[in-house]
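Working notes, beginning with the structure itself.
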Amino acid sequence: MRSIFYTILLLPFILIGQDQEDIQLANEYFQQGELEKSRIMYEELVDNPYNIPLIASNYLSLLKSTSDFKTAEKFLKTAIKNFPSNLQFEANLLGLYSELQDNDKVKSHADDLLDSYSNNPFQLSMMAQHLASEQLYDLSIKFFEKSRKIRNDEAAHALEMASIYRMKNDKSKMIEEYLNYAAKSSNRMNYVKNLLQSILQEEEDLGELESTLIRKMQRDPDTDLYGELLIWVELQRKNFYGAFIQSRAIDKRNDKPGDRTMSIGRIALDNKAWDDAIDIFEYVAKQYKNSRNYSYARKLWIEAKEEKIKNTFPIDKEEIRSLSSEYYQLYQELSPAHTALEALRSKALLHAFYLDEIDSASFYLTKLVSQPRASRSLVSKAKLDLGDIYLLKGIHWEATLLYSQVEKAHKSHQLGYDAKLRNARLHYFTGNFSLAKGHLDILKTNTTREISNDAISLGMLITDNTALDTTDQVMQEFASVELLIFQNKKFEAKQRLLKMLENYEHHSISDEIYWLLSKLELEFGETQNALNYLDNILTTYSYDILADDAAFKKAEIYDFQVKDVEQAKELYQQFMTEYPGSLYAAEARKRFRQLRGDFVN
């Protein structure tokens, strides 16, 4: 009797074991397209209820592909009867009715399921997911909403519903769901921003988000979430002033002295939006004069004006002198605070490199170095500046001594690498190319990207133009011209470069000469002359290393100096075709899309 009992108990498992090979063979037939063979086997296997989950997917696909919808419906009802907890079969049945366009059956069965699971949010949400896999998006949303209502949580299933709305291309409701998700916790903000940045590719999409945010702000004006996202919207558009308006409101609402506004100002400054940065820092400096942000806002306000002046050619010396006075006023007002000492250094550099007042620059930097309140790094920066001033004066030994002091004091740090690069540049200027290359080879690796790139660039210049010249005469002449430019003797440098073109017309240095001449002419405000020299590079040296630099700079000149949008667009597009592997390719693509009016992430 006991043996009979165990036989009955083990019978299903024995049968399943026997069917495994048949199931595998039937599935192989199906995958190979031998549908008749697979169907015969499936119809035998389906008699054993335990086989249903193992053959359901392929068998159902087979029945649909042969339009045998009646058998498919019967099979699914059998599956539901035997496996009532497997909600996938319920979704499959609704999918079948939908495929048959039997809307009455879809509605009736879906309503029955909603009633059946009305008190079980887990089943509702699982059913919603299965319905989404059947592409029954509207039904899926309906089940998610029912689950959300029972949970009494407006953010429940927000990400899942947002994904469904995205598949439906309903961006308005998709945005609503992402905002529902973000509203639940401030920690979700960055995740939502990253999602939106990858999804919202057109300006109209961004406009939809903006409209939704404004509507939500009007209903809930005390929530920072929507204001922060509006800031993000404006930053995507590079509309820094619009971002400033929102950040200003957030600071006022939270009784902060311009904290959020300062961050927008720094972003504008980094993006070379000088006018916006000036307005933003001016606002903070005037609005929060007695706050912790005042001194830094004042300094950045002047710095933003400085960047605008230094990038407007030809540079107006009177405006530089006005900046120098502003820095000194800040120094007198805030001394001996760190910001004041930084302002003093900025003033000194204007005297040295823009006003040709080297003695004044030396005086202020020496004063800074002797300040007991100055930080170690600021003193080292001032020493590097003093080294540059000795180089301006032609006192090379004193310059290299100061550079070496800083390099020794800051080994394996940014300042130390900077000092070594300046020493290399000094040896280059003075024609000691082998010593310069020794420094540059060290700097090519294990340094910051900027210093590494500068080291590689200068090293290649030396190597390319001394390989066939045993006397290094031409390279020494060129290096001495670069020293003149560094010393702000730019008109003399121009004449020397023109003379070199006459003397060394076919030398490999010619493209470098054209490149320097184009930069000088641009600073002199002679835009057309600058373009002509760039064209010389592109015509005669299209195969050389400076070709992509020249092509990109030409496009930038039409973009920012000439302000010829159509010509700039054409040049950027041409650049992307001819120099797809250039370091400038990504920026060229970005500027082209911006000029065309695209929304650019």
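None of the figures in this text is laboratory data; all of them are computed from the coordinates on show. Because the structure is a prediction, the values reported are computed rather than measured. Every residue, glycine among them, receives a Cβ derived from its backbone with ideal geometry; neighbour counts consider all protein chains shown.
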Exercise for the section: Evaluate the relative contact order of the stretch 284-382 (contact order divided by residue number), counting alpha-carbon pairs under 8 angstrom at least 6 apart; express in whole percent. Expected result: 20 percent
Practice task
Using the number of other C-beta atoms within 10 angstrom as an exposure proxy, rank Glu145, Glu326 with the fewest first.
Solution key: Glu145, Glu326
Fill in the blank from the handout: For the stretch 84-187 the mean separation of alpha carbon contacts under 8 Å (6+ apart) over residue count, i.e. relative contact order in percent, is 20 percent
Handout entry: Net charge over other residues, Cβ less than 13 angstrom from the Cβ of Ala555 (K, R count +1; D, E count -1)
Key = -3
Handout entry: Long-range tail of P(r) for the stretch 123-247 (Cα pairs > 26 Å, %)
Key = 23 percent
Practice task
Using only alpha carbon pairs under 8 Å that are at least six residues apart, calculate the relative contact order of the stretch 484-596 and give it in whole percent.
Solution key: 15 percent
Completion exercise
So for the stretch 367-411, using the alpha carbon gyration tensor with a ≥ b ≥ c as root eigenvalues (a/c under 1.5 gives rounded; past that, a/b versus b/c decides prolate or oblate), I'd call it oblate
Exercise for the section: Could I have the simple spin-label model distance between Glu492 and Asp47, label points 7 Å from Cα toward Cβ, reported in nm to one decimal? Expected result: 10.6 nm
Problem - Centroid-to-centroid separation of the stretch 339-356 and the stretch 17-40 [C-alpha atoms, Å] - result: 83 Å
Handout entry: Separation in nanometres of the label points that stand 7 Å from Cα toward Cβ, at Asp115 and Asp170
Key = 2.5 nm
Practice task
Run down the lysines and flag those whose C-alpha is under 17 Å from the C-alpha of Lys553, throwing out any fewer than 8 positions away in its chain.
Solution key: Lys272, Lys519, Lys563, Lys569, Lys590
Handout entry: Rh by Kirkwood over Cα pairs, then Stokes-Einstein D for the stretch 326-480 at 1.567 mPa s and 4 °C, µm²/s
Key = 78 µm²/s
Practice task
Pull up the cross-link candidates among the aspartates and glutamates for Lys437, meaning alpha carbon to alpha carbon under 20 Å and not fewer than 8 places away within one chain.
Solution key: Asp388, Glu407, Asp418, Glu450, Asp454, Asp464, Asp469, Asp472, Glu477, Glu482, Glu512
Exercise for the section: Kindly express, to the nearest 10 degrees and within the range 0 to 90, the angle between helix 510-523's C-alpha long axis and the longest C-alpha principal axis of the chain. Expected result: 90 degrees
Exercise for the section: Enter the angle in degrees (range 0 to 90, nearest 10) between the Cα long axis of helix 121-133 and the first principal axis of the Cα atoms of the chain, meaning the one along which they spread out most. Expected result: 80 degrees
Handout entry: Simple Cβ-charge dipole of the chain, Lys/Arg +1 and Asp/Glu -1, about Cα centre, in debye nearest 20
Key = 2380 debye
Exercise for the section: Give the residues of the stretch 144-183 whose amide nitrogen is closer than 14 Å to a point set 7 Å from the Cα of Asp220 in the direction of its Cβ. Expected result: 153-156, 158, 176-183
Handout entry: Pairwise centroid distance, computed over Cα atoms, of the stretch 496-541 with the stretch 247-272, Å
Key = 43 Å
Exercise for the section: Find the centroid of the Cα atoms in the stretch 558-575 and in the stretch 52-121, then give the distance between the two in whole Å. Expected result: 60 Å
Handout entry: Unsatisfied cross-links (Cα-Cα over 21 Å) in the set Lys252/Lys289; Lys77/Lys105; Lys381/Lys489
Key = Lys381/Lys489
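With the radius of gyration and the Kirkwood radius both derived from the Cα set of the chain, what is their ratio Rg to Rh? Show your work: numbers first, answer last.
Values: Rg = 35.8 Å, Rh = 30.9 Å.
Computed over Cα atoms, the ratio is 1.16.
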Exercise for the section: Give me the orientation-averaged projected area of the Cα convex hull of the stretch 553-601, in nm², one decimal. Expected result: 3.2 nm²
Practice task
Mind giving me the nanometre distance, one decimal, between the label points for Thr463 and Thr71, set 7 Å out from Cα along Cα→Cβ?
Solution key: 7.2 nm
Exercise for the section: Just add up the charged neighbours of Leu384: K/R +1, D/E -1, any other residue whose Cβ is under 12 Å from the Cβ of Leu384. Expected result: +2
Exercise for the section: Could you work out the local net charge near Ala424, counting Lys and Arg as +1, Asp and Glu as -1, over the other residues with Cβ closer than 14 Å to its Cβ? Expected result: -1
Completion exercise
Quick numbers on the stretch 484-596, Rg and Dmax over C-alpha atoms in Å, give 14.6, 45
